[in-house]
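S.K.: Sharing a structure, written as structure tokens. Questions coming.
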Amino acid sequence: MEKFHKNKKEVERVLAEESYTVWRETMVLKPIYSERGERWTIVHELYKKRMIKLSPRAIMERSCVHAGASYQGMVDAAKLILPGKKMLPICLSPGYRICMLPTLSPDHEDCMWISYRYAKKPFLKGSKTMVEFQNREQIEIHGSVESFQLKSGHAQQLVLNYLDRQEEMWELPVYVAESYEGYDVY
């Protein structure tokens with residue numbers, strides 16, 4: 001996990017926000033330690049970065065509640081769709097394809113959360129695993145290219161499963177429990 005450099009002290013004091021909820025343009029939640037040793041987050045959005053005075057896990061928990069369920073509820077739902085899988089993605093909005101995947105165990109202090117929607121290409125740069133995003137930004141992550149591709153596939157599978165279920169709900173047949181006798185049909 002990164003620590004702030006002395007020249008970033010001013011940034012910490014002035015620009016750090018108190019709260020954040022994952023939304024459509026969130027690409028990465030990256031942990032960082034403040035000067036006081038608190039775990040904060042650098043949020044990489046499609047067009048800007050923010051510093052938030054919460055850990056990535058706290059942001060994910062807040063975002064799950066905002067989306068209508070607890071963090072554990074989202075994990076339990078993902079377990080039903082992806083049985084036997086570890087480090088499950090969290091789908092906050094299937095319609096907007098907001099699905100965040102952890103790079104490590106979500107309990108690990110270095111865990112980053114990455115939006116599968118914007119992660120375009122994992123690749124090796126020397127011995128480091130990098131992910132290139134839609135805006136061409138590149139971020140180093142823990143783990144292998146293959147591991148990230150597998151997690152990204154799980155995220156896509158989760159989103160598609162939710163979308164299929166929503167579509168099925170609209171296609172359910174409607175049954176009428178009475179006859180049409182006595183009604184005028186126009």
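The values are calculated or read from the model by the stated rules, or taken from the named source; none is laboratory data. Because the structure is a prediction, the values reported are computed rather than measured. A quick note on method: Cβ atoms are made from the backbone with ideal geometry, for glycine too, and the neighbour counts reach across all protein chains shown. Each accessible area value is taken on the protein alone, full model and side chains, heavy atoms only, with ligands, DNA and RNA left out. Shrake-Rupley method; radii C 1.70, N 1.55, O 1.52, S 1.80 Å.
S.K.: Could you order F123, F148 so the one with the most accessible surface comes first? Probe is 1.4 Å. Display every interim value, and only then the final one.
M.R.: On the way: F123 45, F148 10 Å².
My answer, sorted largest first, is F123, F148.
S.K.: Count neighbours as other Cβ atoms within 10 Å of each site's Cβ, and list the trypsin sites (Lys or Arg not before Pro) in the stretch 122-158 that are DSSP loop with at most 15 such neighbours. Walk me through the intermediate numbers first.
M.R.: On the way: sites: K125, K128, R136, K151; in loops: R136.
Of the trypsin sites (Lys or Arg not before Pro), the ones in loops of the stretch 122-158 whose Cβ has at most 15 other Cβ atoms within 10 Å are R136.
S.K.: Return the Rg/Rh value of the stretch 31-124, two decimal places, where both radii are evaluated on C-alpha atoms and Rh is the Kirkwood radius. Numbers along the way, then the final one.
M.R.: Values: Rg = 13.6 Å, Rh = 14.2 Å.
Radius of gyration over Kirkwood radius for the stretch 31-124 works out to 0.96.
S.K.: Still on this structure: Would you work out which of H66, G126, S55 lies farthest towards the positive end of the dipole of the stretch 51-133, given +1 charges on the beta-carbon of Lys and Arg and -1 on that of Asp and Glu, about the Cα centre?
M.R.: Projecting each Cα onto the dipole axis, the largest value belongs to G126.
S.K.: Follow-up. R0 = 30 Å: FRET efficiency of K125 with R165, Cβ-based, nearest 0.05? Display every interim value, and only then the final one.
M.R.: Working: r = 39 Å, r/R0 = 1.28.
Efficiency, rounded to the nearest 0.05: 0.20.
S.K.: Multiplying the sequence separation of L104 and L46 by 0.36 nm and subtracting their Cα-Cα distance, what value in nm do you get? Could you put the intermediate results ahead of the total?
M.R.: On the way: separation 58, 0.36 × 58 = 20.88 nm, distance 2.23 nm.
Using 0.36 nm per residue and subtracting the Cα-Cα distance, I get 18.6 nm.
S.K.: As a test of understanding, state the convex hull volume per residue of the stretch 60-115 from its alpha carbons, in Å³. It would help to have the intermediate numbers written out before the result.
M.R.: Details: hull volume 4.3 nm³, N = 56.
With only Cα atoms used, the stretch 60-115 gives 76 Å³ per residue.
S.K.: Give K79/K151; K125/K151; K86/K151; K121/K151; K120/K151; K79/K128 a once-over and call out the pairs whose C-alpha atoms are over 18 Å from each other. Walk me through the numbers before you get to the answer.
M.R.: Values: K79/K151 14 Å; K125/K151 20 Å; K86/K151 9 Å; K121/K151 13 Å; K120/K151 13 Å; K79/K128 30 Å.
Over 18 Å apart, Cα to Cα: K125/K151; K79/K128.
S.K.: Right, next: Rg/Rh for the stretch 95-170: what does it come to with C-alpha atoms and Rh from Kirkwood?
M.R.: Ratio of gyration radius to Kirkwood radius: 1.04.
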